[in-house]
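So the structure is just underneath, and the comments pick up after that.
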Amino acid sequence: MAVRTTAAVGDVAEGLRRWRSWFYLAVESVKNQYRRTVLGPWWLTLQTAAYVVGLAVLFGAIFRQPLDEFVPYVAGGFIGFTLLSGLTRNGAEVFVNNATTLLSTRQPLSMLVFQMVSVELLQFAHNLLIIMAFVALGLVPLSPLLLLVVPAVLVITINGVAIGLWLGPTVARFRDVGPFVASILQVMMFFTPVFWRVDEIAADQRGALVGWNPFGYLLGLFRDPLLGDLPSFSTWVGVAAVTGLNLLLAAWVFTRTRSRLPYWVS
Amino acid sequence: MATISLRKVHAEYQLLSVRDYNLKNRVVQSVRGRLKEPVVIDALRSIDLDIREGSRLGLVGPNGAGKSTLLSIMAGLLPPTSGSVRVEGRVLALLGGSEAGLDQEASGRDNVVSMGVQLGESPTSMRARIDDITDFSGLGDRIQHPVYSYSSGMQTRLRFSILTSLRPDVLLLDEGLGTADAEFTARANRRLDEFMTSAGILVLASHGDALLKEQCTEAVWLQSGAIVEQGSVDGVLRGYHHSYSTGING
């Protein structure tokens, strides 16, 4: 038991120590995804901008929301949710997708997770340009609260690493979990307050519809400061619970599965 | 200083059928208290092997004998299910299809850097090696082109050139250089000779007798995950061929 724990901790420590390697590889991988296009990763930004504006206009009309408030709300929500769902989807597939690398190049297994998280963060950074444009246009208030976005992204990053370390091995072992995660994520987009506001739901139904949703808390932590609000107490509590649970699962699963993982993907 | 020492190394693959992979079935079965153990394949059974510096070891045996698994374990890519593995020196392995570890969309140049970085080198030190690696691989201007435009032989040449430029102490090759052409093979052999003079270890798994006789000085015959015979290349190959021509161990 102690041997397994030492090996798992050593893997993560060595992975962290090699940050230059995985950050370099993450940048290369983003470049490679768009190598044959002219706009490159900026396609993502355009795609997100089109999505945000289109949906904000549509849902704004349906829910009768003033556009100057609703557009930044949807933008923050959609960009945050894209990061969360990307981390979850790619965290689930991280070891299965990198099977050939894992079986041909010796490296700490955690390095693959760090690399995956960096790729998601790089794509997220491209989308942040939209938020900056909204700040310039005055749609997002320029306040000291904006600084809270930094710790919010850090907390989301920690959760992303943890998800990769527990969901990744789970999917490698139980292949039905991958498609399950993918189908749940599609529905989660609608169950998470991205296109609608929590206060539009009757108070007695909020617990059942929103309270259980881990994405809701992490999203709130990122989006509220963009709208000039301090995240509520329940958001902080939810974020602490979700992060704690993810870290516990990561420690438990990664320690137990690390030495079997290469066999499962071979 | 390079040594490899394996003690009672066991490697088992679980044959995970759809039923075993399925989490729901696992949960239902374990609740009912009759969790079916998955089918297990013993890829290696209790392997004891010591390889000293300067050894050129060939691995022979039929498909499924455990040759590639043994190489993966020496490479540190597969942890043994039980037993101990001690490897001293820097191990580099050319394992898994010709394209393994290469990014198909990136150019050969970019792959030189990425592959080195994956193996723990810095981008700067890899960029400094690009010209040498290009020369040795014989890829010329094609090094600028994306790897998806390479033939499998060219991909093997690129990988071999990158790996050997990193000066490993232990080099592990599965099926030699596969589809690389004669001219490159000759150059690769010269590099292997240089590498061997610095007391490295070469382990080569192959079905080609000529290649084994040319490259190796000793051999291990694996059968169903166990060592049948160990000794000179000629002796081991004789025993191995004799076994299937007479139907023993077949």
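The values are calculated or read from the model by the stated rules, or taken from the named source; none is laboratory data. What you see is a predicted model; the values in this text were computed from it and never measured. Cβ: placed from backbone, ideal geometry, glycine included. Neighbour counts: every protein chain shown. Accessible surface areas use protein heavy atoms only, side chains included; no ligands, DNA or RNA. Shrake-Rupley method; radii C 1.70, N 1.55, O 1.52, S 1.80 Å.
Summary of computed values
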item	result
Residues of region A:15-31 classified as open to solvent by 60 Å² or more (accessible area, probe 1.4 Å) and at pLDDT 90 or above, total	5
Whichever residue in region B:40-90 is of a type in the set (Val, Ile, Thr), under 21 Å from B:Leu166 (Cβ atoms) and surrounded by 21 or more Cβ atoms within 10 Å (Cβ to Cβ) and, among such residues, is nearest to the chain's Cα centre (by Cα)	B:Ile73
Complete set of residues in region B:38-69 that are within 14 Å of chain A (Cβ to nearest Cβ) and either of a type outside the set (Val, Ile, Thr) or in contact with a Cys (Cβ under 6 Å, 6 or more places away or on another chain) (or both)	B:Pro38, B:Asp42, B:Ala43, B:Leu44, B:Gly64, B:Gly66, B:Ser68
Pair list, Cβ < 7 Å and 6+ apart or interchain, from region A:180-192 residues that are under 19 Å from A:Glu93 (Cα atoms) to residues that are in a helix (DSSP H, G or I) and open to solvent by 60 Å² or more (accessible area, probe 1.4 Å)	A:Val181/A:Arg89; A:Ala182/A:Arg89; A:Leu185/A:Arg89
Verdict on A:Gly168 being more than 14 Å from every other protein chain (Cβ to nearest Cβ), within 22 Å of A:Asn98 (Cα to Cα), of a type outside the set (A, V, I, L, M) and surrounded by 15 or more Cβ atoms within 10 Å (Cβ to Cβ)	yes
Segments classed as helices (runs of 4 or more DSSP H), wholly inside region B:93-202, with at least 2 members that are away from every other protein chain (no Cβ under 14 Å) and of a type in the set (Ser, Thr, Tyr)	B:123-137, B:152-165, B:182-197
Tally of residues being open to solvent by 20 Å² or more (accessible area, probe 1.4 Å) and either modelled with pLDDT under 85 or over 20 Å from B:Val236 (Cβ atoms) (or both) across region B:197-221	3
Top-ranked residue of region A:87-110 - restricted to ones that are more than 9 Å from chain B (Cβ to nearest Cβ) and aliphatic (A, V, I, L, M), ranked as farthest from the chain's Cα centre (by Cα)	A:Ala99
Odd one out for A:Ala8, checked against (1) within 14 Å of chain B (Cβ to nearest Cβ); (2) open to solvent by less than 10 Å² (accessible area, probe 1.4 Å); (3) out of contact with any Lys or Arg (no Cβ under 9 Å at 6 or more places or on another chain)	(3)
Pairs where the first residue, in region B:182-198, is within 12 Å of B:Ser165 (Cα to Cα) and the second is surrounded by fewer than 15 Cβ atoms within 10 Å (Cβ to Cβ) and at pLDDT 85 or above, C-beta under 9 Å, 6+ apart	B:Phe195/B:Arg167
Complete set of residues in region A:214-266 that are touching a strand residue (DSSP E or B) at 6+ places or on another chain (Cβ under 7 Å) and within 27 Å of A:Leu146 (Cβ to Cβ)	none
Flag if A:Phe195 is surrounded by fewer than 18 Cβ atoms within 10 Å (Cβ to Cβ) and farther than 17 Å from A:Val237 by Cα	no
Where a residue in region B:71-90 is at the interface with chain A (Cβ under 10 Å from one of its Cβ atoms) and its partner, wherever it lies, is of a type in the set (Ser, Thr, Tyr), with Cβ under 7 Å and at least six apart	B:Leu78/A:Tyr263; B:Leu78/B:Thr69; B:Leu78/B:Ser72; B:Pro79/A:Ser259
Selection within region A:19-30 - in contact (Cβ under 8 Å) with a residue 40 or more places away in the chain and out of contact with any helix residue (DSSP H, G or I) (no Cβ under 6 Å at 6 or more places or on another chain)	A:Trp19, A:Val27
Segments classed as helices (runs of 4 or more DSSP H), wholly inside region A:32-149, with at least 3 members that are under 30 Å from B:Phe160 (Cα atoms) and open to solvent by 30 Å² or more (accessible area, probe 1.4 Å)	A:67-97
Exclusive hit being open to solvent by 40 Å² or more (accessible area, probe 1.4 Å) and in contact with a helix residue (DSSP H, G or I) (Cβ under 9 Å, 6 or more places away or on another chain), set B:Glu183, B:Glu229	B:Glu229
Flag for A:Gly10 being assigned to a helix (DSSP H, G or I), of a type in the set (Gly, Ala, Ser), under 29 Å from A:Ser183 (Cα atoms) and more than 21 Å from the chain's Cα centre (by Cα)	no
Test: residue in region A:203-214 that is within 14 Å of chain B (Cβ to nearest Cβ) and more than 30 Å from A:Gly138 (Cβ to Cβ)	no
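Condition check ((1) open to solvent by less than 20 Å² (accessible area, probe 1.4 Å); (2) of a type in the set (S, T, N, Q); (3) over 30 Å from A:Thr5 (Cα atoms)) across all residues:
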position	(1), (2), (3)
A:Phe190	no, no, yes
A:Gly207	no, no, yes
A:Gly211	no, no, yes
A:Phe215	no, no, no
A:Leu219	yes, no, yes
A:Thr235	yes, yes, yes
A:Gly244	no, no, no
A:Leu247	no, no, no
